[in-house]
1. On a 0 to 90° scale, report how tilted helix 79-91 is relative to the longest principal axis of the chain, with both axes built from alpha carbons and the result rounded to the nearest 10.
2. So for the pair residue 335, residue 256, with labels modelled 7 Å out along Cα→Cβ, what separation do we get in nm?
3. For segment 382-424, compute Rg over Rh where Rg is the Cα radius of gyration and Rh is the Kirkwood radius from the inverse mean 1/r over Cα pairs.
4. I'd like the distance between the alpha-carbon centres of segment 125-198 and segment 1-61, rounded to an integer number of Å.
5. Using 0.36 nm per residue of separation minus the Cα-Cα distance, give me the extension gain between residue 62 and residue 384 in nm, one decimal.
6. Taking a ≥ b ≥ c as the square roots of the eigenvalues of the Cα gyration tensor of segment 19-169, is the shape rounded (a/c under 1.5), prolate (a/b larger than b/c) or oblate?
7. Over the Cα atoms of segment 124-166, what Rg and Dmax result, in angstrom?
8. With N residues in segment 194-327, what two-decimal value do you get for its Cα radius of gyration over 2.2 N^0.38 Å?
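What follows draws every value from the coordinates through simple rules; no lab data is involved. Given the structure is predicted, the values throughout are model-derived calculations rather than measurements. Cβ atoms come from the backbone with ideal geometry, glycine included; neighbour counts cover every protein chain shown.
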Ligand code: GLU
């Protein structure tokens, strides 16, 4: 039997990372088993399932590299088939009509539960059972003539030949109903695996209020798709050893449902950021530069390529997300960058600092050659001669040339800026901050 999984989202315009994790697991399982991964767009909520919402969904999948086999199935195209199935169930006495609430609003079609206990072996949670008395008959076609989720979902899984339904454990209750429907429709019941939810630090479902929750947020914030993919895969699954950074191929190779954890998984954005930093480090230099140039362009920064490449080398190892790049390098490309107020107050507006900056300016001007080694030596010599201490010299110079207190090693920064810019910036700081 060829494994066929599917992702069956209801598009809303934003794709929650919990849903995307379900998509990733379906994709990984299908790829691991040499099967197929299908897409079904459950677009029956016409208000929310706009073309934009559907496009956002397709873009998010594309960005994460979740390639789909065959054409997506749009649930709205299947309405007639769903209604025909309801008719068939009615004619067999497995469903009945009722004017729910007796409000004269027309009749619903209601599925008759078989009245027996039901159990199934969940691929992640093990055997799950529900007593007959806890399972009520349920609506499959509303009084306005539209099919309900349960019927549409089951009918379309049958249509798509789905062998494994991997979805969130908020659907467990539904699954008991769905199994009854499969049987009534004369179809083979697929395998089910229910993923535990992802939570915040308090153990509540992870939501927008806890931080970034949508795939688009992470994309905008400069996370790399491979890092998010890796992170979401480990959110509730482990390879069984201590590997954390794993390529897509390694994940496909190692992924099994048995290794999915059955308890909730807690989102840790710090860990994701760390992981993204590891992926940033692994990027080939050309790819890093391409992302960096693109960021500059988006920010409206005009950069001379050779100069920019030197700048990128300085920050390469400090970048955790693509979004870090512009704030880290902005001062290299603009002479009237802003000064961090706190840093100015603490380090520049102090007695003696103007003298220090003035002295360093003279020293830098007097160097035969101005590069990282000579600038470094000049700073160290001055620290020693003046007896001022390291921080009292380095910090004001750094803030004067960059506006901020921290960054890559100072001497290479000065060297890349070049002597002329350094002198001009020391002058600017002297004019602004020496009373
Ligand atoms: N559209 C449903 C959802 O997003 C589908 C659930 C399922 O995977 O069967 O919750």
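1. 30 degrees
2. Reported label-point gap for residue 335 and residue 256 is 6.6 nm.
3. Details: Rg = 10.6 Å, Rh = 10.9 Å.
Ratio value, two decimals: 0.97.
4. One Cα centre to the other: 17 Å.
5. Details: separation 322, 0.36 × 322 = 115.92 nm, distance 5.74 nm.
Between residue 62 and residue 384, full extension yields 110.2 nm more.
6. Working: a/c = 2.30, a/b = 1.40, b/c = 1.63.
Because a/c hits 1.5 or more and a/b fails to exceed b/c, segment 19-169 counts as oblate.
7. When restricted to Cα atoms, segment 124-166 yields Rg and Dmax of 13.7, 39 Å.
8. On the way: Rg = 17.1 Å, N = 134, 2.2 N^0.38 = 14.1 Å.
Against the compact-globule rule of thumb, the ratio is 1.21.
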